[in-house]
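Engineer: A single structure is presented below for examination.
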Amino acid sequence: MPTMNGDAVRLLLEQVAIDVESNKDYLCDLDGEVGDGDHGVSMTIGMRAVRRAMDDLPADPSVAEAFQAASDAYAIEVGATIGPLYEVAFESAASATAGKAEVSTVTDWVEIYRAMFDAVQRLGGAELGDKTMLDSFHPAIEKLASLEGQELVPSLQQAANTARAAAEATKDLKPMKGRASRLADRAVGHQDAGATSLAIILESVAAFAANLRD
């Protein structure tokens, strides 16, 4: 089983940032179908700041320190709507991992993801079915929770696969939050960019864990 200590989480967040940025144009294209087309840009600005923050961490940071640094990076760099959501998400991940030397079990990641989800929902006020990032995050968390006690890597992979499928399924939803909500029924048939970027993040987490060696 891979050991996910603080330094591993630092490297993980660096890889997440790289993977999100590599999808910048795709996310902008999705967002441009129903919004202002800048979701990929906003996420890239935030994730570039996360990479810088990881570089600035001291040697052997704690898990919570790595997540908190990511939160601070979004707070400083991203003014778009998505910025505060990821700020509180990473801050809640830091709180959920306070005092933990490592996060190497499915239970650890269920706690992390649930804390992030709850923080985003409280701040954004969205409900499931509103065509937001929550609609890919929630089913992924539920899938992961059903796998508690099993091996971490395949469990994270199944959760990521669930998130991707759920993101694609947002095409069938009518947006209730954000700019896209003004389009109402006209936005049906278009995949939500926020749900997709969340799925990309979970896929990146799973891929990193799969490549991590003890």
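Engineer: Taking the conditions exactly as written (touching a Pro at 6+ places or on another chain (Cβ under 8 Å) and not in a loop (DSSP other than H, G, I, E, B)), does Ala93 satisfy them or not? First the steps, then the outcome.
Structural biologist: Working: touching a Pro at 6+ places or on another chain (Cβ under 8 Å): no; not in a loop (DSSP other than H, G, I, E, B): yes.
For Ala93, the condition - touching a Pro at 6+ places or on another chain (Cβ under 8 Å) and not in a loop (DSSP other than H, G, I, E, B) - is not met.
Engineer: Determine if segment 39-49 includes at least one residue that is of a type in the set (S, T, N, Q) and touching a Gly at 6+ places or on another chain (Cβ under 8 Å).
Structural biologist: Of the residues in segment 39-49, the ones of a type in the set (S, T, N, Q) are 42, 44.
Within this subset, residues satisfying the condition of being touching a Gly at 6+ places or on another chain (Cβ under 8 Å) are 42.
Yes, segment 39-49 has at least one match.
Engineer: Under the condition of being in contact with a Ser or Thr (Cβ under 8 Å, 6 or more places away or on another chain) and either in a helix (DSSP H, G or I) or among the acidic types (Asp, Glu) (or both), which residue from segment 72-85 is surrounded by the fewest Cβ atoms within 10 Å (Cβ to Cβ)?
Structural biologist: Among residues in segment 72-85 that are in contact with a Ser or Thr (Cβ under 8 Å, 6 or more places away or on another chain) and either in a helix (DSSP H, G or I) or among the acidic types (Asp, Glu) (or both), the one surrounded by the fewest Cβ atoms within 10 Å (Cβ to Cβ) is Gly83.
Engineer: Here is a further query. Note down all Cβ pairs under 7 Å where the first residue falls in segment 72-95 and is free of Cβ contacts under 8 Å to residues at least 24 places away in the same chain, the second is surrounded by fewer than 21 Cβ atoms within 10 Å (Cβ to Cβ), and they're at least six residues apart or on different chains.
Structural biologist: Filtered contacts from segment 72-95: Glu87/Ala75.
Engineer: Six or more apart or on different chains, Cβ under 6 Å: which pairs go from a residue in segment 134-152 that's touching a residue at least 60 places away in the same chain (Cβ under 8 Å) to one that's hydroxyl-bearing (Ser, Thr, Tyr)? Could you list them?
Structural biologist: Asp135/Thr170; Ala140/Thr162
Engineer: Additional query: Taking Gln157 as meeting all but one of (1) under 16 Å from Ser204 (Cβ atoms); (2) in contact (Cβ under 8 Å) with a residue 60 or more places away in the chain, write down the number of the exception.
Structural biologist: Against the list (1) under 16 Å from Ser204 (Cβ atoms); (2) in contact (Cβ under 8 Å) with a residue 60 or more places away in the chain, Gln157 comes up short only on (2).
Engineer: Which of the residues spanning segment 1-49 are free of Cβ contacts under 8 Å to residues at least 40 places away in the same chain and crowded, with 23+ Cβ neighbours inside 10 Å?
Structural biologist: Residues satisfying the conditions are Ala17, Met47.
Engineer: Still on this model: Please specify each residue of segment 29-38 satisfying the condition of being in contact with a Gly (Cβ under 7 Å, 6 or more places away or on another chain) and farther than 16 Å from Met133 by Cβ.
Structural biologist: Passing the criteria: none in range.
Engineer: I'd like to verify a number: residues in segment 97-122 that are under 21 Å from Pro61 (Cβ atoms) and of a type in the set (S, T, N, Q), how many?
Structural biologist: Going through segment 97-122 one residue at a time, the tally reaches 3.
Every read-out reported here was derived from the displayed coordinates using simple, explicitly stated rules and does not represent laboratory data. Nothing here was measured: the structure is a model prediction, and the numbers come from that model. All Cβ positions, even for glycine, are placed from backbone atoms using ideal geometry, and neighbour counts span all protein chains on display.
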